[in-house]
2 protein chains.
Amino acid sequence: MTAKPQYISVWVREAAERARPAAEKPGRGQPSRAQIVRAAIEILDTEGLDALSMRRLGAKLGMGATSIYWYVANKTDLLDLAIDEAFGEIAVPVGGGIDWREATAVFAHSLRRALMRHPWLARLLGGRPNIGPNALRMSDRMATIFDDAGLDHEDIDFTVTTVIAYVIGISGADATWRDTVNTSGLTYDEWTEQHEPALRAGMADLPRLRAIYEKRRLPPDTGSALEARFDFGLRCVLDGIAGRMP
Amino acid sequence: MTAKPQYISVWVREAAERARPAAEKPGRGQPSRAQIVRAAIEILDTEGLDALSMRRLGAKLGMGATSIYWYVANKTDLLDLAIDEAFGEIAVPVGGGIDWREATAVFAHSLRRALMRHPWLARLLGGRPNIGPNALRMSDRMATIFDDAGLDHEDIDFTVTTVIAYVIGISGADATWRDTVNTSGLTYDEWTEQHEPALRAGMADLPRLRAIYEKRRLPPDTGSALEARFDFGLRCVLDGIAGRMP
DNA sequence: GACAACTCTCGAACGCTGTGCGAGCGGGTT
DNA sequence: AACCCGCTCGCACAGCGTTCGAGAGTTGTC
């Protein structure tokens, strides 16, 4: 009946440390930490989430696994840092008189691209709250867009959350799907062939789904088809928001 | 340089086994398997995703950890089965002359409820493609709704995917957030207090975000506030879809 | 030049994980 | 009595995240 360790996010813990003046990290620590995070992302991108272990990362960095703990307290912290690093890639056009709809569309595509480029990202996002500096900055810029458009605070929150939820929801699924095929070592055709009997059996008494599946097999769900579907949904969301703009 | 094991989903593998006539599972196997999956879900719901280990599950079932492997090939398979079991709880009203908009809203709330009831679900959904029988049946029923409303195959696919993406995107985030607070062992107030300095520091030079945060602190983001936000976004999505209906 | 302090590395070890293997048990059929 | 079959499980293995403490290398101070 021992109490749980009560994990605290990097951001929270390090903000608390910063309050005590003497606890600053050493000068050379910062570049090394960034370097570790970059290496971790490289492994995550090329070998997948499950391939990232501290020993593997240490080997890539040419150091012992346990040396990493000098720069980073946890693997959890490391992943939080990787998440926020990825969020840094996301662009939000702000200012310059672009209207909210175009700005939001640009943001949505940018967020999607980040999620597709880093298939591990969506899996981790569903793990713990993300309040890193880049994530906050992204939210602030999105808030700015709708603040400039005249929404009140509650509607800004609602609107921004809706857009992000849709993009993460669909892109996470798309990225996972693509990643599953890619890392299976099979071609797209081999993969669908392997899954054909299971799908056919599962849809045996589901005529509507089967009809859609049959009709939509050519062209297969390659990138452009996924992109068209993403754009369709995004237009739906934006139209719905447009109906609520002042 | 050994090749990866090439994991195949339960559904695919067992559909292939079913093709060979003699490979059916024994009669008593089925109830026991369902019982194992139910026990796994119980652990997942009450203790979280990380708490589910084969030994822990075996202990709960009063059997050795390795005995479970008689009924289930993998932990991965077990989780796939748990996912589909959870999908079985989702209701899709079909037939009976309800219009598509109300039917979709009922479905969306039902899906959300399942995701909130099983906080582990969203985390796992971003892990591998979900083609279990309950998931397929759910998709088929959603397809039926929009087929009856007169959409063509492509638009049915696009529309259903959009709704599901939004619901999973927002509910996954909400469930994770709530779960993080709950399992921290802190009250809501204690938790926000603990995160206050980090958020304040992070938002130091983000005035818009800070303004929203300040203004929206009372009432705190309890269940009803999250529900209002969910409904707002759902209305946006449904409005956008409505504009594309024949 | 000497000694202390501080930054950083790392091998050993702990307790945990998923899982393969093979021995063994009880009941049913031949 | 012999045999098979459904099922259980102890043992073992490789790998995981993480702790600890010993030590190396650099820097700072007298």
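The values are calculated or read from the model by the stated rules, or taken from the named source; none is laboratory data. Note that this is a predicted model, so its numbers are computed, not measured. Positions of Cβ are generated from backbone atoms using ideal geometry, with glycine treated the same way; all protein chains shown enter the neighbour counts. The accessibility values were calculated without ligands, DNA or RNA, using every heavy atom of the protein model including side chains. Shrake-Rupley method; radii C 1.70, N 1.55, O 1.52, S 1.80 Å.
Distances, shortest first, from the label point of B:Thr187 to those at the same position in the other copies read 6.4 nm; the point lies 7 Å along Cα to C-beta.
Across segment B:63-73, rounded Karplus estimates of 3J(HN,Hα) from the backbone phi angles (6.51 cos²θ - 1.76 cosθ + 1.60, θ = phi - 60°) give 9, x, 4, 6, 5, 4, 5, 6, 9, 9, 6 Hz, Gly and Pro being marked x. Working from Cα pairs under 8 Å separated by at least six residues, relative contact order for chain A is 16 percent. Backbone phi angles across segment A:190-198, fed through the Karplus curve with coefficients 6.51, -1.76 and 1.60 (θ = phi - 60°), yield HN-Hα couplings of 4, 5, 5, 4, 5, 8, 3, x, 5 Hz in residue order; Gly and Pro are listed as x. Ellipticity at 222 nm from helices only: DSSP H runs of n ≥ 4 in chain A, each -39500 (n - 2.57), divided by the residue count, give -22000 deg cm²/dmol.
For segment B:101-246, the share of alpha carbon pairs falling in successive 10 Å distance bins from zero is 9, 33, 30, 17, 9, 1 percent. Legend: residues A:Thr222, B:Thr192, B:Thr176, sorted from most to least accessible area (1.4 Å probe; ligands, DNA and RNA excluded), read A:Thr222, B:Thr192, B:Thr176. Measuring against 31 Å, Cα to Cα, the residue pairs A:Lys215/B:Lys75; A:Lys60/B:Lys60; A:Lys75/B:Lys75 contain A:Lys215/B:Lys75; A:Lys60/B:Lys60 as the ones spanning a longer distance. With viscosity set to 1.002 mPa s at 20 °C, what whole-number translational diffusion coefficient in µm²/s follows for the protein assembly as shown from Stokes-Einstein and a Kirkwood radius over Cα pairs? Stokes-Einstein gives a translational diffusion coefficient of 88 µm²/s. Buried accessible surface for the B/A pair, both sides summed and rounded to the nearest 100, is 5800 Å² with a 1.4 Å probe.
Note on the protein assembly as shown: with neighbouring protein chains present and a 1.4 Å probe, carbon and sulfur make up 54 percent of its accessible heavy-atom surface. Annotation: per residue accessible area for chain B equals 48 Å², rounded to a whole number [probe 1.4 Å, protein chains only]. For chain B, the Cβ-based charge dipole about the Cα centre amounts to some 740 debye (Lys, Arg positive; Asp, Glu negative; other atoms uncharged).
Starting from the label point of B:Asp231 at 7 Å along Cα→Cβ, the same points in the other copies fall at 3.5 nm, in ascending order. 3J(HN,Hα) along segment B:114-128, derived from phi through the Karplus expression 6.51 cos²θ - 1.76 cosθ + 1.60 where θ = phi - 60°, amounts to 4, 5, 6, 6, 10, x, 6, 4, 4, 5, 6, 4, x, x, 7 Hz, with x in place of Gly and Pro. The two copies B and A are related by a rotation, and the chain B beta carbon nearest its axis, with distance in whole angstrom, is B:Gly169, 1.
Per-residue shielding of B:130-140, expressed as the average number of other chain Cβ atoms within 10 Å of the residue Cβ, stands at 5. For the pair A:Thr76 and B:Glu193, a Förster radius of 25 Å applied to the C-beta separation gives a FRET efficiency near 0.70, rounded to the nearest 0.05. A simple spin-label model places the labels of B:Gln6 and B:Ala211 5.9 nm from each other, with each point 7 Å out along Cα-to-Cβ. Distances between equivalent label points of A:Val94 across the copies, with each point positioned 7 Å along Cα→Cβ, amount to 4.6 nm, shortest listed first.
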